[in-house]
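Worksheet: the structure to be examined is printed underneath.
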Amino acid sequence: MNPQVQTTLILIVVAFLLLGGAQGSRQVPASSADVTLLARLIDAEAGGEPYRGKVAVGAVVVNRMKDDRYPNTLREVIYQPGQFAVNAMSTIRTPSDESVRAAEAALRGEDPTRGALFFYNPKTARLDPWWNSRRALIQIGNHLFLR
């Protein structure tokens with residue numbers, strides 16, 4: 001192989017690796033049990049939302065896993081007291097196919113929320129002043145996503 005071509009290929013591979021591959025370093029390794037757990041949460045929190053809204057709810061969980069202020073495992077983030085609708089999850093044994101796809105997308109690093117750590121439905125949530133201290137990023141479906 002031509003030394004110039006070889007050097008160019010090496011530089012491309014190094015750049016690809018430094019940038020974290022196709023999805024960046026946002027991808028989270030997950031077992032099939034993790035995917036199912038996240039999909040059940042997505043069904044509980046965003047079952048009636050569009051696909052993009054489902055991915056967004058999954059992305060909030062992934063964003064929290066990567067934030068030092070939260071636990072670093074999917075299970076610990078989901079079951080952190082008072083954070084998500086885990087009681088509603090208990091009735092969902094088999095998540096919808098769409099929620100499974102949304103969970104997989106979020107775990108691959110898709111994030112339509114732009115880094116949100118919180119979400120709520122302004123039509124149904126009882127809000128305390130703390131929510132006003134958060135920066136709204138985007139509304140997707142019925143949910144407002146915040147940082």
I'm checking my understanding of the structure. Among residues of segment 96-127 that are in contact with a Leu (Cβ under 8 Å, 6 or more places away or on another chain) and part of a helix (DSSP H, G or I), which one is farthest from V57 (Cα to Cα)? L107
Checking S32 against (1) among the small types (G, A, S); (2) closer than 16 Å to L107 by Cβ; (3) under 13 Å from the mean Cα position of the chain (by Cα); (4) modelled with pLDDT of 95 or more: exactly one of these is not met. Which one? (3)
Those residues that are under 22 Å from Q80 (Cβ atoms) and loosely packed, with under 13 Cβ neighbours inside 10 Å, I need them from segment 96-108; list them, please. none
Does any residue in segment 20-42 that is closer than 11 Å to R75 by Cα and surrounded by 15 or more Cβ atoms within 10 Å (Cβ to Cβ) come within less than 8 Å, Cβ to Cβ, of a residue that is modelled with pLDDT under 95 and of a type in the set (V, I, T) six or more places away or on a different chain, and which pairs are these? L41/V86
Considering only segment 75-95, how many residues are farther than 16 Å from A56 by Cα and surrounded by 15 or more Cβ atoms within 10 Å (Cβ to Cβ)? 5
Of the residues D68, D111, which is over 19 Å from A33 (Cα atoms), surrounded by fewer than 17 Cβ atoms within 10 Å (Cβ to Cβ) and modelled with pLDDT of 95 or more? D68
What helices (runs of 4 or more DSSP H), lying completely within segment 41-91, carry at least 3 residues that are closer than 15 Å to A106 by Cα? 51-66, 74-78
So is V55 surrounded by 14 or more Cβ atoms within 10 Å (Cβ to Cβ), in contact (Cβ under 8 Å) with a residue 40 or more places away in the chain, within 14 Å of V28 (Cβ to Cβ) and in contact with a strand residue (DSSP E or B) (Cβ under 8 Å, 6 or more places away or on another chain) or not? no
Of all residues in segment 82-108 being of a type in the set (A, V, I, L, M) and in contact with a Lys or Arg (Cβ under 6 Å, 6 or more places away or on another chain), the one that is modelled with the highest pLDDT: A102
Out of the residues in segment 114-135 meeting the condition of being hydrophobic (A, V, I, L, M, F, W, C) and modelled with pLDDT under 95, tell me which one is surrounded by the most Cβ atoms within 10 Å (Cβ to Cβ). W131
Would you say Y70 is aromatic (F, W, Y) and over 13 Å from A44 (Cβ atoms)? yes
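The values are calculated or read from the model by the stated rules, or taken from the named source; none is laboratory data. Keep in mind the model is a prediction, meaning the values are calculated, not measured. Every residue, glycine among them, receives a Cβ derived from its backbone with ideal geometry; neighbour counts consider all protein chains shown.
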